[in-house]
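Peer 1: Okay, handing you the structure first.
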Amino acid sequence: MGSGKSTVGALLAERLGVPYRDSDADIVAAQGREIADLFVDEGEPYFRALEREAVAAAVAAHTGVLALGGGAVLDEGTRGLLAGLPVVYLSMDVEEAVRRVGLGAARPLLAVNPRRQWRELMDARRPLYTEVARVVVATDDRTPEEVAQAVLDALELKDV
Ligand SMILES: Nc1ncnc2c1ncn2[C@@H]1O[C@H](COP(=O)(O)OP(=O)(O)OP(=O)(O)O)[C@@H](O)[C@H]1O
Ligand SMILES: O=C(O)C1=C[C@@H](O)[C@@H](O)[C@H](O)C1
Ligand SMILES: [Mg+2]
């Protein structure tokens with residue numbers, strides 16, 4: 001959460017001259033409801049199923065950069081959809097997360113004791129991010145433009 005998927009994803013798409021999509025935004029558009037409301041009113045499993053559908057639709061129809069939700073890898077079906085694709089794991093440490101997003105209550109999974117919850121979430125998720133990722137790019141102390149360049153380098157892609 002807050003590692004820069006949306007910011008860097010949009011920059012990367014611009015550099016590559018391809019369309020950009022964001023699965024969180026696709027879900028909000030399709031459901032006409034905010035992510036936090038879907039989480040609170042319907043529960044996480046319901047949200048993960050919507051997210052799986054959104055990722056499946058994007059993988060089938062979209063040629064370009066797709067920013068994923070931070071927890072998309074938790075769903076086995078979603079991980080299956082990502083297999084073999086050039087998935088990028090944008091990493092950062094907890095101090096960078098605090099600087100970026102303040103770990104505020106707008107993120108439903110971090111509403112109480114955000115630093116500890118962030119660490120616990122990351123301990124659970126890091127193996128899954130690593131499993132699906134083709135490359136890992138550290139985002140600490142880098143501008144979004146520098147991160148986008150590091151992604152292009154890591155994937156050996158050239159911009160337009
Ligand atoms: N490399 C960076 N350096 C400093 N700030 C950054 C960097 N990348 C993103 N940010 C800032 O951090 C915040 C979160 O970025 P962004 O929304 O792109 O993250 P995200 O991974 O898409 O988050 P989410 O999990 O909520 O979808 C934004 O305010 C953005 O401007
Ligand atoms: O890390 C997560 O589990 C989430 C991250 C966001 O991108 C949203 O998909 C939602 O808030 C859940
Ligand atoms: Mg985002």
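Peer 1: Determine which single condition Glu76 fails, assuming it passes every other condition in (1) within 20 Å of Leu128 (Cβ to Cβ); (2) within 12 Å of ligand 2 (Cβ to nearest atom); (3) loosely packed, with under 14 Cβ neighbours inside 10 Å.
Peer 2: Against the list (1) within 20 Å of Leu128 (Cβ to Cβ); (2) within 12 Å of ligand 2 (Cβ to nearest atom); (3) loosely packed, with under 14 Cβ neighbours inside 10 Å, Glu76 comes up short only on (2).
Peer 1: When residues of region 1-36 are filtered for being part of a loop (DSSP other than H, G, I, E, B), buried (at least 19 other Cβ atoms within 10 Å of the Cβ) and away from ligand 3 (no atom under 11 Å from the Cβ), how many remain?
Peer 2: The qualifying residues number 0.
Peer 1: Using beta carbons and a limit of 7 Å, which pairs, at least six apart or on different chains, have the first residue in region 20-47 and farther than 15 Å from Asp75 by Cβ and the second one not in a helix (DSSP H, G or I)?
Peer 2: Sorted first by the residue in region 20-47, then by its partner, the pairs are Tyr20/Gly64; Tyr20/Val65; Arg21/His62; Arg21/Gly64; Arg21/Leu66; Asp22/Ala67; Val28/Glu34; Ala36/Ala106.
Peer 1: Still on this structure: Select from region 59-107 the residues that are β-branched (Val, Ile, Thr) and either at pLDDT 95 or above or closer than 22 Å to Pro19 by Cβ (or both) and write down the one among them that is farthest from ligand 1 (Cβ to nearest atom).
Peer 2: For region 59-107, the residue satisfying everything is Thr63.
Peer 1: Also: Inside region 31-73, can you point out the residues that are within 15 Å of ligand 2 (Cβ to nearest atom), over 20 Å from Thr130 (Cα atoms) and touching a strand residue (DSSP E or B) at 6+ places or on another chain (Cβ under 8 Å)?
Peer 2: Residue satisfying the conditions is Ala58 alone.
Peer 1: Which condition number in (1) more than 25 Å from Ala154 (Cα to Cα); (2) out of contact with any helix residue (DSSP H, G or I) (no Cβ under 8 Å at 6 or more places or on another chain); (3) crowded, with 17+ Cβ neighbours inside 10 Å is the one that Arg48 fails?
Peer 2: Going through the list (1) more than 25 Å from Ala154 (Cα to Cα); (2) out of contact with any helix residue (DSSP H, G or I) (no Cβ under 8 Å at 6 or more places or on another chain); (3) crowded, with 17+ Cβ neighbours inside 10 Å, Arg48 breaks only (2).
Peer 1: Another question, then. I'd like to check which helices (runs of 4 or more DSSP H) are fully inside region 49-160 and have at least 1 residues that are within 18 Å of Gly4 (Cβ to Cβ) and touching a residue at least 12 places away in the same chain (Cβ under 8 Å).
Peer 2: 94-101, 114-132, 144-155
Peer 1: Quick check: anything in region 108-119 at negative phi, modelled with pLDDT of 95 or more and within 12 Å of ligand 1 (Cβ to nearest atom)?
Peer 2: No, region 108-119 contains no residue that is at negative phi, modelled with pLDDT of 95 or more and within 12 Å of ligand 1 (Cβ to nearest atom).
Peer 1: In addition: Considering only residues that are in contact with a Ser or Thr (Cβ under 9 Å, 6 or more places away or on another chain), under 20 Å from Asp123 (Cβ atoms) and buried (at least 20 other Cβ atoms within 10 Å of the Cβ), which ones fall in region 51-73?
Peer 2: Leu68, Gly69, Ala72
The values are calculated or read from the model by the stated rules, or taken from the named source; none is laboratory data. Computed from a prediction, not measured in an experiment: that's the story for all the values here. A quick note on method: Cβ atoms are made from the backbone with ideal geometry, for glycine too, and the neighbour counts reach across all protein chains shown.
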